[in-house]
Amino acid sequence: MKKIILMGLICFLLLPTVTLSKQRYSPETMESDLLKIQKKYHLEVETIGRTEKGKPIKAVKLGKGKKSILMVGAHHGREWLSSLILMAMLKDYASAYQSGQPIGEFPSNLLDEVSIWFIPMLNSDGVRIQQGDFSDLSIKERAAVWKMNDFSTDWSRWKANAKGIDLNRQYPSGWDDLVNEAKKPMYQFYKGKRPLMAAEVKALSTFTRKVDPLIAVSYHTSGREIFWHYHNKHKNMARDYGIAKKVAEITEYELAIPDKEAIGSGFTDWFITEFGRPALTIELSYLVEETSPPLSVFPEEWDRNRQVGIMLVKEANQLNNYGAVIHNKTN
Ligand SMILES: [Zn+2]
């Protein structure tokens with residue numbers, strides 16, 4: 001057994017890169033798409049921090065509104081379909097906004113009031129590993145991630161960042177109570193030694209405080225389900241449920257039933273707790289097991305989600321008008 005592992009390790013460490021599938025949306029493709037869109041529509045792009053492997057984490061702003069909402073993709077490596085959806089949204093909205101065309105049933109000039117900050121790919125290191133691209137990793141790091149993957153070459157299940165930390169188990173709200181399913185760095189479920197220790201999460205939480213969005217969305221895969229609830233204050237329940245219900249109506253996704261025992265530590269749990277404002281975790285695609293949904297599901301998911309961003313822009317604008325947003329920073 002030991003011999004087989006050793007042989008495997010040698011092969012894996014010496015191979016330049018596993019043959020990469022074309023059926024993926026890579027960080028490089030996203031980067032070049034982003035550059036094209038940025039140039040064409042003169043958009044503000046900000047590097048909000050760097051991944052553990054030193055790659056820039058980009059945020060793009062669309063709209064003239066001082067107020068904003070925030071939409072984040074790919075907390076998890078195997079969930080890069082969420083990056084593709086957000087990039088499609090950015091491109092579609094930017095074009096409509098420039099030409100004054102509506103986006104579905106919503107006027108695009110709503111973006112004059114409330115902008116959208118897109119962070120299409122938070123965990124590009126994890127996406128690379130999931131896609132079998134180890135070109136950024138030293139031999140030592142390759143050995144480490146192979147161990148974190150239980151010495152399996154099934155990289156498609158990779159969910160964590162490059163340090164084996166599950167980025168959506170890293171936020172302070174509920175972190176202490178979260179039972180660590182993985183005791184050490186792992187391809188999934190390891191919550192880390194303390195909250196906000198992963199570079200990606202640190203960058204996102206700092207940026208979120210800075211832009212102070214009215215609504216936050218975290219796109220994940222899979223299961224076609226919307227989570228909107230995490231110990232929401234009683235006075236916010238109807239408001240937050242109403243918004244989640246509208247998203248459920250246009251996407252035809254299931255609305256998760258509020259769970260009093262909900263374990264937290266996710267980005268939206270933190271946002272709901274910290275800001276007292278609505279936040280949604282949206283799970284794209286029909287349910288797939290521990291892997292990325294196939295690219296073939298993209299057209300349907302895009303169709304279901306195309307109007308989500310602009311609809312939330314409208315909701316955010318109304319929230320502010322009737323003063324229902326209560327600033328609730330506790331630290
Ligand atoms: Zn996820």
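Any read-out appearing in this document is the output of simple, stated calculations on the displayed coordinates, not a laboratory observation. These numbers were taken from a predicted model, which means no experiment stands behind them. Cβ atoms come from the backbone with ideal geometry, glycine included; neighbour counts cover every protein chain shown.
Structure above, values below:
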read-out: Assigned charges on the beta-carbon of Lys, Arg, Asp, Glu; the chain dipole about Cα centre (debye); value: 1020
read-out: Residue-wise HN-Hα coupling along the range 263-278, computed from phi with Karplus coefficients 6.51, -1.76, 1.60 (Hz; x: Gly, Pro); value: 7, x, 6, x, 4, 6, 4, 5, 5, 4, 6, 7, 9, x, 10, x
read-out: Volume per residue that the Cα convex hull of the range 27-321 spans, once the total is divided by residue count, Å³; value: 119
read-out: Pairwise centroid distance, computed over Cα atoms, of the range 171-215 with the range 66-106, Å; value: 24
read-out: Rel. contact order, % - alpha carbon contacts under 8 angstrom, at least six apart, the chain; value: 21
read-out: Cut-off under 5 Å, modelled amide H: who pairs with GLU113 long-range; value: GLY65
read-out: All-pairs alpha carbon distance profile, the range 86-131, 10 Å steps from 0, percent; value: 24, 43, 18, 16, 0
read-out: Inter-label distance, nm, simple model (7 Å from Cα along the C-beta direction), GLU105/ASP176; value: 4.5
read-out: For HIS220, residues with placed amide H under 5 Å, excluding near neighbours; value: ILE282, GLU283, LEU284
read-out: The range 237-290 - percent relative contact order, Cα under 8 Å, separation 6 or more; value: 32
read-out: The range 87-103 - phi-based ³J(HN,Hα) in whole Hz, Karplus 6.51/-1.76/1.60, Gly and Pro as x; value: 5, 5, 5, 4, 5, 4, 5, 4, 5, 5, 5, 5, 8, x, 7, x, 10
read-out: 13 Å reach of a label modelled at LYS64, 7 Å along Cα-to-Cβ, counting backbone N of the range 114-137; value: 114-115
read-out: Radius of gyration and maximum dimension Dmax of the range 184-331, Cα, Å; value: 15.8, 47
read-out: Unsatisfied cross-links (Cα-Cα over 32 Å) in the set LYS64/LYS191; LYS40/LYS67; LYS22/LYS245; value: LYS64/LYS191; LYS22/LYS245
read-out: Estimated distance in nm for a label pair at HIS231 and LYS147, the labels positioned 7 Å out from Cα along Cα-to-Cβ; value: 3.5
read-out: Nonlocal amide H pairs with GLY49, under 5 Å, H built at 1.01 Å; value: ILE57
read-out: Of VAL201, VAL313, VAL297, the one that fluctuates the most in a GNM where the chain has Cα springs shorter than 10 Å; value: VAL297
read-out: DSSP beta bridges in the range 27-321 [antiparallel fraction, %, rounded to 5]; value: 40
read-out: The chain: angle of helix 27-41 to the longest principal axis, Cα-based, in degrees nearest 10; value: 30
read-out: Label point distance in nm, ILE250-GLN38, each placed 7 Å from Cα along Cα→Cβ; value: 2.7
read-out: Fully extended contour minus Cα-Cα distance, from ARG50 to ASP112, at 0.36 nm per residue; value: 19.3 nm
